[in-house]
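First the structure, in the form of structure tokens, and then the observations on it.
The values are calculated or read from the model by the stated rules, or taken from the named source; none is laboratory data. If you're wondering where the values come from, they're calculated on a predicted model, not measured in any experiment. As a convention, Cβ positions derive from the backbone with ideal geometry for all residues, glycine included, and neighbour counts pool all protein chains shown. In case anyone asks, the SASA skips ligands and DNA or RNA and just uses the protein heavy atoms, side chains included. Shrake-Rupley method; radii C 1.70, N 1.55, O 1.52, S 1.80 Å.
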Amino acid sequence: MFTLIEKTTKFSSKENAVYLICDAAKLKPYGFSADEIGYIKTQFSKNETKCFAFNRLAKWDFVQFIKKDGKDAAAVETCRKAGDGLLSRINGNKISKIGIFDVEDNPVNSLAFAEGMALGNYQFIKYKRNKDEKKSFNTLETISLVSKKITDKSVAELNILTEAVYKSRDLVNEPVAFLTAKKLAEEAEKLCRKEGAKVEVMNKAKIETLKMGGLLGVNRGSIDPPTFTVIEWKPAKHSNKHPYIFVGKGVVFDTGGINLKTGNNMGDMKCDMSGAAAVIGTMFAIAKAKLPVHVIGLIPATDNRPDGNAQVPGDVITMYDGTTVEVLNTDAEGRLILGDALAYAKKYKPELVVDLATLTGAAHAAIGKYAMVAMGSKCEKFMEELKASGNYVCERLVEFPLWDDYRELIKSEVADIKNIGGSYAGAISAGKFLECFTDYPWIHLDIAGPAFMDSRDSYRGQGGTGWGIRILFDFIKGKVK
Ligand code: BES
Ligand code: ZN
Ligand code: ZN
């Protein structure tokens with residue numbers, strides 16, 4: 001269920017509440033006794049982000065310390081995590097509505113607190129049937145921001161972003177038994193058309209006519225057809241001459257293909273369309289917020305499986321732009337479908353193309369779940385802007401190089417390029433491969449680390465995290481003139 005965030009100036013003193021404060025003395029007007037305030041003062045030592053709980057029998061009052069003047073990215077992230085941190089008490093006490101009092105008149109911190117709470121409250125329970133287990137589902141439905149300073153627009157935007165992240169997580173968490181490439185395209189259609197975006201889904205016949213050899217090559221082992229979805233948001237008034245394009249890897253399940261994954265390496269591979277889910281969520285959010293910027297989302301989608309007619313190591317395929325690729329490992333499939341999409345993006349003469357993909361285990365190994373690996377060309381200014389957005393929303397990126405030297409890693413003896421590099425710099429050789437299909441400002445984001453969590457990670461939750469939406473939305477917001 002969606003967790004709604006609303007704004008109010010009137011909130012009944014009989015309802016559950018959390019007071020965000022830097023100074024305990026400010027609690028006086030909210031019905032706290034001198035003893036209670038004195039107690040909080042003695043417990044609080046500087047710079048801590050403590051939370052106190054007061055059981056009023058009919059309701060709960062929580063007091064959450066936040067850092068004064070906390071406007072830097074780290075302080076805002078502390079607020080998101082504190083909002084998430086309170087959830088166990090809220091849901092543990094079966095609370096359905098909570099007021100957040102912006103006692104210090106600090107909208108940034110209070111919105112971040114609500115954001116962490118709303119995002120952390122997500123659950124994927126569609127397939128749960130056990131009655132006893134249902135009793136322990138999250139109860140929180142409404143977060144009521146009690147504030148004079150918070151604007152209606154910022155609350156509306158936060159709801160849009162939360163909804164986009166929820167939808168994106170749902171898509172990632174759905175198994176391939178439900179979410180085939182066709183279904184992924186239909187979900188994109190359903191979500192984005194409703195908000196006024198134009199959505200075109202190209203089917204297998206169309207993809208064949210276009211000669212997208214990368215997407216068709218990966219799809220050869222599948223009994224389900226591939227799709228290529230184009231989502232366009234072009235409001236009458238837009239600030240950019242050429243579109244911003246987001247490309248998302250939509251491998252709805254990655255078995256590795258004939259180079260079958262082994263051991264535990266396959267278990268989470270329903271998450272291999274997290275890039276696509278992030279692009280769908282971002283397009284949904286941009287359209288719903290009616291941002292006056294021309295943006296296009298491209299989603300090549302298929303599953304990657306072994307079969308009688310699946311592509312095999314040594315096969316040579318011809319990509320959409322005519323480049324020939326020696327497929328030496330069928331598990332390096334993401335770059336094949338993305339190569340076609342990146343080449344297709346040229347026709348729009350884009351301002352910038354950003355692709356998001358759970359592309360390499362090497363990116364995950366390099367920086368863990370904490371950030372994504374970024375590479376790019378002709379994009380210095382955009383890279384800095386994206387870094388700043390990422391720092392602010394805490395979807396951070398670390399830039400890796402794309403020096404010419406790495407080009408030799410993907411040299412092929414028989415074709416123009418091959419689809420794997422050597423034993424080292426795996427994230428970069430993948431980036432180098434993708435670069436071959438671009439001639440415009442381009443940024444590649446390898447989200448293999450942060451896209452999916454095996455166990456709960458604060459407000460990012462467990463399973464699909466929806467990573468990528470908040471950074472891209474913030475970046476596009478920066479393009480509104
Ligand atoms: N989907 C995987 C990458 C991945 C790994 C995503 C872990 C999320 C978590 C990708 O298609 C893949 O299998 N990459 C190979 C490339 C290799 C064969 C060159 C990898 O990283 O091992
Ligand atoms: Zn793979
Ligand atoms: Zn993959």
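Go through the range 248-292 and give me each residue that's buried (at least 24 other Cβ atoms within 10 Å of the Cβ) and out of contact with any strand residue (DSSP E or B) (no Cβ under 9 Å at 6 or more places or on another chain). Within the range 248-292, GLY281, ALA285 qualify. Scan the range 391-435 for residues that are under 28 Å from ASP474 (Cα atoms) and assigned to a loop (DSSP other than H, G, I, E, B) and the total you get is 6.
Would you confirm whether any residue within the range 114-122 is out of contact with any Gly (no Cβ under 8 Å at 6 or more places or on another chain), in contact (Cβ under 8 Å) with a residue 60 or more places away in the chain and of a type outside the set (A, V, I, L, M, F, W, C)? Taking every residue of the range 114-122 in turn, at least one turns out to be out of contact with any Gly (no Cβ under 8 Å at 6 or more places or on another chain), in contact (Cβ under 8 Å) with a residue 60 or more places away in the chain and of a type outside the set (A, V, I, L, M, F, W, C). When we screen GLU163, GLU141 for residues that are more than 19 Å from ASP303 (Cβ to Cβ), surrounded by fewer than 19 Cβ atoms within 10 Å (Cβ to Cβ) and among the charged types (D, E, K, R), the only hit is GLU141. Restricted to the range 295-314, and to residues there that are surrounded by fewer than 22 Cβ atoms within 10 Å (Cβ to Cβ) and touching a residue at least 60 places away in the same chain (Cβ under 8 Å), the residue that is farthest from the chain's Cα centre (by Cα) is ASN309.
Contact map, the range 257-270: residues that are in contact (Cβ under 8 Å) with a residue 40 or more places away in the chain and closer than 12 Å to GLU333 by Cα paired with residues that are within 11 Å of ligand 3 (Cβ to nearest atom) and not in a loop (DSSP other than H, G, I, E, B), Cβ distance under 7 Å, separation 6+ or inter-chain. Pairs shown: GLY257/ASN304.
From the list ALA451, ALA425, the one residue that fits, being under 27 Å from GLY83 (Cβ atoms) and either of a type in the set (Asp, Glu) or within 12 Å of ligand 1 (Cβ to nearest atom) (or both), is ALA451. Scanning the range 233-260 for residues that are among the aromatic types (Phe, Trp, Tyr) and within 11 Å of ligand 1 (Cβ to nearest atom) yields a count of 1.
None of MET202, MET212 is within 23 Å of GLY322 (Cβ to Cβ), among the hydrophobic types (A, V, I, L, M, F, W, C) and either free of Cβ contacts under 8 Å to residues at least 40 places away in the same chain or surrounded by fewer than 19 Cβ atoms within 10 Å (Cβ to Cβ) (or both) except MET202. All conditions but one from (1) touching a Phe, Trp or Tyr at 6+ places or on another chain (Cβ under 9 Å); (2) surrounded by fewer than 20 Cβ atoms within 10 Å (Cβ to Cβ) apply to LYS237; the one that does not is (1). Across the range 315-339, the qualifying residues are those that are within 16 Å of ligand 2 (Cβ to nearest atom) and either open to solvent by 30 Å² or more (accessible area, probe 1.4 Å) or among the charged types (D, E, K, R) (or both), and the one among them that is nearest to the chain's Cα centre (by Cα) is ARG335.
The numbered conditions (1) within 16 Å of ligand 2 (Cβ to nearest atom); (2) assigned to a helix (DSSP H, G or I) are all true for LYS369 except (1).
Evaluate the range 410-426: report whether one residue or more is in contact (Cβ under 8 Å) with a residue 40 or more places away in the chain and of a type in the set (Phe, Trp, Tyr). I'd like the intermediate steps shown before the answer.
Within the range 410-426, the first condition is being in contact (Cβ under 8 Å) with a residue 40 or more places away in the chain, and the residues that meet it are 412-420, 425-426.
Applying the additional criterion that residues be of a type in the set (Phe, Trp, Tyr) yields none.
No, that holds for no residue.
Going residue by residue through the range 117-137, is there one that turns out to be at pLDDT 95 or above, open to solvent by 30 Å² or more (accessible area, probe 1.4 Å) and assigned to a helix (DSSP H, G or I)? No, there is no match, as no residue in the range 117-137 is at pLDDT 95 or above, open to solvent by 30 Å² or more (accessible area, probe 1.4 Å) and assigned to a helix (DSSP H, G or I). The set of residues in the range 344-357 being open to solvent by 10 Å² or more (accessible area, probe 1.4 Å) and either of a type in the set (A, V, I, L, M) or in a loop (DSSP other than H, G, I, E, B) (or both) consists of LYS349, PRO350, GLU351.
I need the strands (runs of 3 or more DSSP E) fully contained in the range 138-254, keeping only those with at least 2 residues that are polar (S, T, N, Q).
Numbers: elements: 142-146, 198-202, 227-233, 244-248, 250-254.
Counting at least 2 such residues, we get 142-146, 227-233.
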